[in-house]
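Novice: Below: one structure in structure tokens.
Read-outs: derived from the displayed coordinates by stated rules, not from any lab. Please read these numbers as outputs of a predicted model, since none were measured by experiment. Neighbour counts run over all protein chains shown; Cβ positions are idealised from the backbone, glycine included.
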Amino acid sequence: MILVTGGTGYIGSHTVVELMLAGFEILIVDNFSNSKATVLDRIERIVRRRPGFVEADIRDRQAMQALFARHNFDAVIHFAGLKAVGESVAQPLLYYDNNVYGSLVLFETMAEAQIKTLVFSSSATVYGDPATVPILENFPLGATNPYGRSKLMVEEMLRDLAIADPSWKIALLRYFNPVGAHESGFIGEDPTDIPNNLLPYIAQVAHGQREVLSIYGDDYPTIDGTGMRDYIHVVDLAIGHVKTLEKLANQTGVATYNLGTGRSNSVLEMVRAFEQASGQNIPYKIVGRRQGDIATCYADATLAERELGWRAERSIEQMCTDSWRWQSLGNLDKS
């Protein structure tokens, strides 16, 4: 059985689907801080089976100990964490409490239960503002905002843990920019407040829920002045976790992989692609840069292809089409 923390969230729910389709038995633990219980129904509609679920906060040591006492897990995939760069700048202690302390409690509980196989949901933000692109896993690390620093702190914790106890099997997955939704339209990114990520914001503007898209800066040294990112379809990302879990069965220590496409698109390119996919006009306005943002960021993902047998397959057109399907159809019966 695989424990998936934060498994009703955006990336977590898509990964649960792919894990269940691959035959894994799943138990999700989540506190619904940025997700809804209806996601469990939606996963069941896709897979025709319902994942196990426990509502709890990973910072609750007693709840975590009870969970590990009741179940014999083979591995843990750790998604639970806050993820908004802007919010992390405004409320850094919230991020260190949730992302770093929560991870510490989880890892201590795993160690007590002798469960030592872990896939950690990290982020390309740990690279900070890279000197060159594409970004390799061995680049210098140095995040530019508290969200990224919280991910980097957890990575350092896990590297130290593996040195102290070499029997741990750990993978650090550094995501670039997950977008899109499941092709069924049943699950997708569903922010409870104003979207922090580009595509759900574009989708809400296209759907008429918001009047205009704010683009943060048009004076970057890029093809059109807007920031460029490596956008990866969330289903490709989810499949990467399945491949990683299979890889960890045969190795110990810490392995680090970039999960990205190896190419970048600007904000304005994504706006145009979404207009094509949706048939809707996306009004936008240029506003000031956000603190902590960088100009260009994209992955060198050849290590994941070589060692995991994984690479991103889905195009930005499919990312936008699937996002629009989720926004306009699958999103209608959310509660």
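Novice: At 0.36 nm per residue, and after removing the present C-alpha to C-alpha distance, how many nm does the segment from R210 to R49 gain when stretched out fully?
Specialist: Working it through step by step, the gained length comes to 54.4 nm.
Novice: Sticking with this structure for a sec: What's the local net charge at T117, with K and R +1, D and E -1, over the other residues with C-beta under 12 Å away?
Specialist: My count for the surroundings of T117 gives +1.
Novice: For region 77-141, just list the percent of Cα-Cα distances falling in each 5 Å bin from zero outward, please.
Specialist: Going out from 0 Å in 5 Å bins, region 77-141 shows 4, 14, 20, 18, 18, 16, 8, 2, 0 percent.
Novice: Right, next: Before anything else, pin down the relative contact order of region 121-186: Cα pairs under 8 Å, at least 6 apart, normalised by residue count, whole percent.
Specialist: Relative contact order here is 39 percent.
Novice: Shifting gears a bit: Expressed in whole Å with the largest first, what are the equivalent ellipsoid semi-axes of region 12-118 derived from the C-alpha gyration tensor as the square root of 5 times each eigenvalue?
Specialist: 23, 19, 11
Novice: Over 25 Å apart: what share of the alpha carbon pairs of region 52-206 falls there, rounded to a whole percent?
Specialist: 38
Novice: Normalized C-alpha radius of gyration of the chain, against 2.2 N^0.38 Å?
Specialist: Working it through for the chain, the quotient is 0.94.
Novice: So for region 179-305, considering every pair of alpha-carbon atoms, how many percent are separated by more than 18 Å?
Specialist: In whole percent, the long-distance tail amounts to 61.
Novice: So, one more: As I understand it, the dipole of the chain uses +1 on the Cβ of Lys and Arg and -1 on the Cβ of Asp and Glu, about the Cα centre. Which of I232, T8, I163 lies farthest toward its positive end?
Specialist: The listed residue farthest towards the positive side: T8.
Novice: Size of region 10-53 along its principal axes in angstrom, Cα-based, largest extent first?
Specialist: Rounded to whole Å, the extents work out to 28, 17, 16 Å.
Novice: Could you work out the relative contact order of the chain, using alpha carbon pairs under 8 angstrom and six or more residues apart, expressed as a whole percent?
Specialist: Dividing the mean separation by the residue count of the chain yields 20 percent.
Novice: Helix-only mean residue ellipticity at 222 nm, the chain, DSSP H runs n ≥ 4 weighted -39,500 (n - 2.57), per residue, nearest 500. What is it?
Specialist: -11000 deg cm²/dmol
Novice: To the nearest 20 debye, what is the magnitude of the charge dipole of region 188-227 about its Cα centre, counting +1 on the Cβ of each Lys and Arg and -1 on the Cβ of each Asp and Glu?
Specialist: 80
Novice: Of K151/K285; K83/K169; K36/K243; K36/K83; K36/K116, which pairs sit farther than 23 Å apart, going by alpha carbon to alpha carbon?
Specialist: K151/K285; K83/K169; K36/K243; K36/K116
Novice: If you keep only loop residues by DSSP, which GluC sites (Glu not before Pro) in region 235-335 have at most 14 other Cβ atoms within 10 Å of their Cβ?
Specialist: E313
Novice: What is the antiparallel percent of DSSP beta bridges lying wholly in the chain, to the nearest 5?
Specialist: 5
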